[in-house]
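Comments concern the structure below.
The values are calculated or read from the model by the stated rules, or taken from the named source; none is laboratory data. Every value quoted in this text rests on a predicted model; they were computed, and no experiment measured them. Counting neighbours? That spans all protein chains shown, and the Cβs are built from the backbone with ideal geometry, glycine included. Heavy atoms of the whole protein, side chains included, go into the accessibility calculation; ligands, DNA and RNA do not. Shrake-Rupley method; radii C 1.70, N 1.55, O 1.52, S 1.80 Å.
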Amino acid sequence: MNKELERQVKLTSLTDAVGLVENGSTVAIGGSIIRRHPMAFVREMIRQGKKDLRLIGWNNGADFDMLIGAGCTNKVETAYVGLSMFGMALNFRRAVESGAVTMVEHSETTAIDRFKAAASGLTFIPSKTPLASGMETECVENSVHIKCPFTGEDYIALQAWTPDVAVVHMHMADRYGNILLDNRRMMDNEIDVFIAKSAKKVIVTVEQIVSEEYVYENPHLNVLPKCWVDAVVETPYGAHPGSCDTRYDYDAQHFELYREMSRTAETFKGYLDEWVYGCKTEMDYLNKIGIARLLELTRARGVRS
Amino acid sequence: MSSPGYTIAELLTVVTARELRDGEVGFVGIGTGGEAFILAVGIPAAAMRLAQLTHAPNFVPMFGPIIDADLRRIPKSMAEHDLIYWPSKCQIPLDDALDMFKRGKIDVGFISGTQIDRYGNINIVVIGDYRRPKVRLVGCLAQTDHCAHAGRTISIIKHAKRTLVEKVDFISGVGFLDGSPDARKRAGLRGGGPAKLITTLCVMGFHPETHEMQVESVHPGVSVDDVRANTGFDVQVAPDLRDTVPPTEEELKLIREVIDPKGMLLRALWTGQEATIGV
């Protein structure tokens, strides 16, 4: 009887996964507002000193803001950069006001549609959303006014987004790169699947690694089979300070701290020194957040409380 | 102005509820705090519930991807957990929910703005020059989608000179553009455009021909001069200007005893931090 040949293991370290991001490349980051951004990955990108990145997403927050504050990017494209009820993203605001970073406007659907187009193998997708808005008059990048070939109606052709790398944070994966989402979850982040499918290289950070058998038992939870994933990293609490669906809540205290330390470029340097450069690994970061706080955020433990 | 026996939030709730029709679908976004929450979320949510209870039992609220949520059971907090488990009939992927705009299935979009001009064009992107702004704001969010596709949009705002401006610095939400005939249709937009601005001083609609904002009713105790003094352009007044009909006893009873007894919506306690609308 033939022995099974070794299959490729896509599970890798955070350091090696972040090593796949090249300076000057286009990186798509998943998550939305204060939910489920791959923050552990973002912190490691800053530690590794990534530069000149073009960042794309659909609703971003501390992920883009931190990378902007750390000087990793010169161009961002998304429908939102902010901290929700915790206020504005101040590094983003400063950088765009000074001209240090260019922001290209999108609406939620125009950003999502660009990812969807690429995920469907299309080079563009028509949309009526930008017509006559500032997006058409001021931000004509990668958009063209067209007429429907059948009805003659006006549309804007949105060029598809095919980032060099996409990073999304999800719940479970096996070592081979099959990615599972929990059954109950906030449906805003279903967009992550399109973001992943649009990219040339796909990196997924997950809360936990599960057995192959668990994947066999739950094929309906698999949103990205291994053939569409390049690297998987286990980063428990990897969305912190953001939330991760029913697994843990967003950390209001940390967002308030983040906002306060973002008030000036100098104070933000202090934030990075303390929480990013000062924590050599993500375990250092989680130890600094502390078990008491993490337990508080995990209080509901995935069931209705 | 002496105390009228109801709060401004209650008045705006009642006025908004009267604008909603049975069988319609209304879209609200969640994600702010304080006073902004009350205007963008609390009042629309309370208004949709009041409409369900008084004349529109089939009104369907959409809070992003959460469709037909049980407005009898507002979650106890904004914790992620509480939102995910908010009893609702339907939670679909957000892109499906937003595609309903494009399909023309969203009758009412509730939107807010940092700047709004006389034709209802809205700006939440920058103050100042777009390329080098004086103040950079959050971005378009889904506002461009609301304004392009919704059957109509309703804005609930604090009436202020710096909000109601002569010209917006960026159009993140298209109103009636320059007010010229069929401007929206000629641009290729299918949605109906802005219908009402419900402010802390008055209710404004849009002239059916010029598409200019016009004051339709002033709230009790407010004069047209008050409205003019707080508007950054010379606002028109509808020929049949009237007084806003204040809340009835029945409407107030419903709000205070049934819909929002704990102030989760109209005092922002759903966010964990009490707030009120300062006038």
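Being modelled with pLDDT under 95 and either part of a loop (DSSP other than H, G, I, E, B) or under 26 Å from B:Glu80 (Cα atoms) (or both) is true for just one of A:Glu207, A:Glu260, A:Glu296. Which residue is that?
A:Glu296
Restricting to the range A:74-120, count the residues that are of a type in the set (Gly, Ala, Ser) and touching a residue at least 40 places away in the same chain (Cβ under 8 Å).
Quick first cut of the range A:74-120, residues of a type in the set (Gly, Ala, Ser) only: A:79, A:82, A:84, A:87, A:89, A:95, A:98-100, A:107, A:111, A:117-120.
Imposing the further condition that a residue be touching a residue at least 40 places away in the same chain (Cβ under 8 Å) reduces the set to A:82, A:84, A:87, A:89, A:111, A:117-119.
Looking only at that region, the number is 8.
Any chance you could count how many residues in the range A:263-280 are in contact with a Lys or Arg (Cβ under 9 Å, 6 or more places away or on another chain) and in a loop (DSSP other than H, G, I, E, B)?
The total comes to 4.
Please enumerate the residues belonging to the range B:248-279 that are closer than 16 Å to B:Met78 by Cβ and of a type in the set (A, V, I, L, M, F, W, C).
Listed by number, the residues that qualify are B:Met264, B:Leu265, B:Leu266, B:Ala268, B:Leu269, B:Trp270, B:Ala275.
Looking at (1) out of contact with any Gly (no Cβ under 9 Å at 6 or more places or on another chain); (2) open to solvent by less than 30 Å² (accessible area, probe 1.4 Å); (3) among the hydrophobic types (A, V, I, L, M, F, W, C), which is the only condition A:Ile195 fails?
Going through (1) out of contact with any Gly (no Cβ under 9 Å at 6 or more places or on another chain); (2) open to solvent by less than 30 Å² (accessible area, probe 1.4 Å); (3) among the hydrophobic types (A, V, I, L, M, F, W, C) one by one, A:Ile195 breaks only (1).
Only one of these conditions is not met by A:Val167: (1) free of Cβ contacts under 8 Å to residues at least 60 places away in the same chain; (2) assigned to a strand (DSSP E or B). Which number is it?
(1)
Restricting to the range B:2-20, name every residue that is open to solvent by less than 40 Å² (accessible area, probe 1.4 Å) and either modelled with pLDDT under 95 or among the β-branched types (Val, Ile, Thr) (or both).
B:Ile8, B:Thr13, B:Val14, B:Val15, B:Thr16
Which of the residues that make up the range A:186-204 are of a type outside the set (S, T, N, Q) and either within 14 Å of another protein chain (Cβ to nearest Cβ) or part of a helix (DSSP H, G or I) (or both)?
Within the range A:186-204, A:Met186, A:Met187, A:Asp188, A:Glu190, A:Ile191, A:Asp192, A:Val193, A:Phe194, A:Ile195, A:Ala196, A:Lys197 qualify.
Which of the residues that make up the range B:185-200 are more than 8 Å from chain A (Cβ to nearest Cβ) and either buried (at least 24 other Cβ atoms within 10 Å of the Cβ) or not basic (Lys, Arg) (or both)?
If the condition is that a residue be more than 8 Å from chain A (Cβ to nearest Cβ) and either buried (at least 24 other Cβ atoms within 10 Å of the Cβ) or not basic (Lys, Arg) (or both), then B:Gly191, B:Gly192, B:Gly193, B:Pro194, B:Ala195, B:Leu197, B:Ile198, B:Thr199, B:Thr200 are the ones that fit.
Is it true that some residue in the range B:71-86 is farther than 23 Å from B:Gly193 by Cα, open to solvent by 10 Å² or more (accessible area, probe 1.4 Å), among the polar types (S, T, N, Q) and not in a loop (DSSP other than H, G, I, E, B)?
no
Quick one: which of B:Asp169, B:Asp182 is open to solvent by 20 Å² or more (accessible area, probe 1.4 Å), touching a Pro at 6+ places or on another chain (Cβ under 8 Å), within 14 Å of another protein chain (Cβ to nearest Cβ) and among the acidic types (Asp, Glu)?
Result: B:Asp169 is the single residue among B:Asp169, B:Asp182 that is open to solvent by 20 Å² or more (accessible area, probe 1.4 Å), touching a Pro at 6+ places or on another chain (Cβ under 8 Å), within 14 Å of another protein chain (Cβ to nearest Cβ) and among the acidic types (Asp, Glu).
Under the condition of being open to solvent by 60 Å² or more (accessible area, probe 1.4 Å) and β-branched (Val, Ile, Thr), which residue from the range A:134-169 is nearest to A:Thr102 (Cα to Cα)?
Ranking the qualifying residues of the range A:134-169, first place goes to A:Val140.
Give the residues of the range B:253-274 that are within 20 Å of the chain's Cα centre (by Cα), touching a residue at least 24 places away in the same chain (Cβ under 8 Å) and open to solvent by 20 Å² or more (accessible area, probe 1.4 Å), sorted by residue number.
B:Met264, B:Arg267, B:Thr271, listed by residue number.
Would you pick out the residues in the range B:96-154 that are open to solvent by less than 10 Å² (accessible area, probe 1.4 Å), within 11 Å of chain A (Cβ to nearest Cβ) and in a strand (DSSP E or B)?
Within the range B:96-154, B:Ile122, B:Asn123, B:Val126, B:Pro133, B:Arg136 meet the criteria.
Mind listing just one residue for me: the one in the range A:64-73 that is in contact (Cβ under 8 Å) with a residue 60 or more places away in the chain and either basic (Lys, Arg) or surrounded by 24 or more Cβ atoms within 10 Å (Cβ to Cβ) (or both) and, of those, farthest from A:Ala28 (Cα to Cα)?
A:Gly69
Sort through B:Asp169, B:Asp178 and tell me the only one that's in a loop (DSSP other than H, G, I, E, B), touching a strand residue (DSSP E or B) at 6+ places or on another chain (Cβ under 6 Å), of a type in the set (Asp, Glu) and without any contact (Cβ under 8 Å) to a residue 60 or more places away in the chain.
Just one listed residue meets the conditions, B:Asp169.
Just give me the residues in the range B:21-45 being more than 22 Å from B:Arg267 (Cβ to Cβ) and either open to solvent by less than 20 Å² (accessible area, probe 1.4 Å) or in a loop (DSSP other than H, G, I, E, B) (or both), in sequence order. First the steps, then the outcome.
First, pick out the residues of the range B:21-45 that are more than 22 Å from B:Arg267 (Cβ to Cβ): B:21-25, B:27.
Within the range B:21-45, B:Arg21, B:Asp22, B:Gly23, B:Glu24, B:Phe27 meet the criteria.
For the range B:65-78: of the residues being within 25 Å of A:Ile195 (Cβ to Cβ) and out of contact with any helix residue (DSSP H, G or I) (no Cβ under 6 Å at 6 or more places or on another chain), which is farthest from the other protein chains (Cβ to nearest Cβ)?
Within the range B:65-78, the match that is farthest from the other protein chains (Cβ to nearest Cβ) is B:Ile67.
Step by step: first the residues of the range A:105-130, then only those that are among the aliphatic types (A, V, I, L, M) and more than 10 Å from chain B (Cβ to nearest Cβ), then the one that is least open to solvent (accessible area, probe 1.4 Å). Which residue is that?
Restricting attention to the range A:105-130, the residues satisfying the condition of being among the aliphatic types (A, V, I, L, M) are A:111-112, A:117-119, A:122, A:125.
In the following step, the residues that additionally are more than 10 Å from chain B (Cβ to nearest Cβ) were identified as A:117-119, A:122, A:125.
Details: A:Ala117: 1, A:Ala118: 16, A:Ala119: 33, A:Leu122: 88, A:Ile125: 35 Å².
Top of the filtered list is A:Ala117.
Are any residues in the range A:232-290 surrounded by fewer than 18 Cβ atoms within 10 Å (Cβ to Cβ) and β-branched (Val, Ile, Thr), and if so, which ones?
A:Thr264, A:Thr267, A:Thr281, listed by residue number.
Only one residue in A:Arg43, A:Arg35, A:Arg54 is open to solvent by 10 Å² or more (accessible area, probe 1.4 Å), closer than 20 Å to A:Tyr258 by Cα and either more than 14 Å from every other protein chain (Cβ to nearest Cβ) or under 13 Å from the mean Cα position of the chain (by Cα) (or both). Which one? Before you say what the answer is, go through the steps one by one.
Values: A:Arg43 fails: open to solvent by 10 Å² or more (accessible area, probe 1.4 Å); A:Arg54 fails: closer than 20 Å to A:Tyr258 by Cα.
On inspection, the qualifying residue turns out to be A:Arg35.
Quick test for you: out of B:Ile116, B:Ile92, B:Ile84, B:Ile106, pick the one residue that is modelled with pLDDT under 95 and aliphatic (A, V, I, L, M).
Answer to the selection: B:Ile84.
For the range B:231-252, what are the residues that are open to solvent by less than 60 Å² (accessible area, probe 1.4 Å) and either within 30 Å of B:Leu71 (Cβ to Cβ) or in a loop (DSSP other than H, G, I, E, B) (or both)?
Of the range B:231-252, the ones open to solvent by less than 60 Å² (accessible area, probe 1.4 Å) are B:231-233, B:235, B:237-238, B:244, B:246-247, B:251-252.
Across the range B:231-252, the qualifying residues are B:Thr231, B:Gly232, B:Phe233, B:Val235, B:Thr244, B:Pro246, B:Pro247, B:Glu251, B:Leu252.
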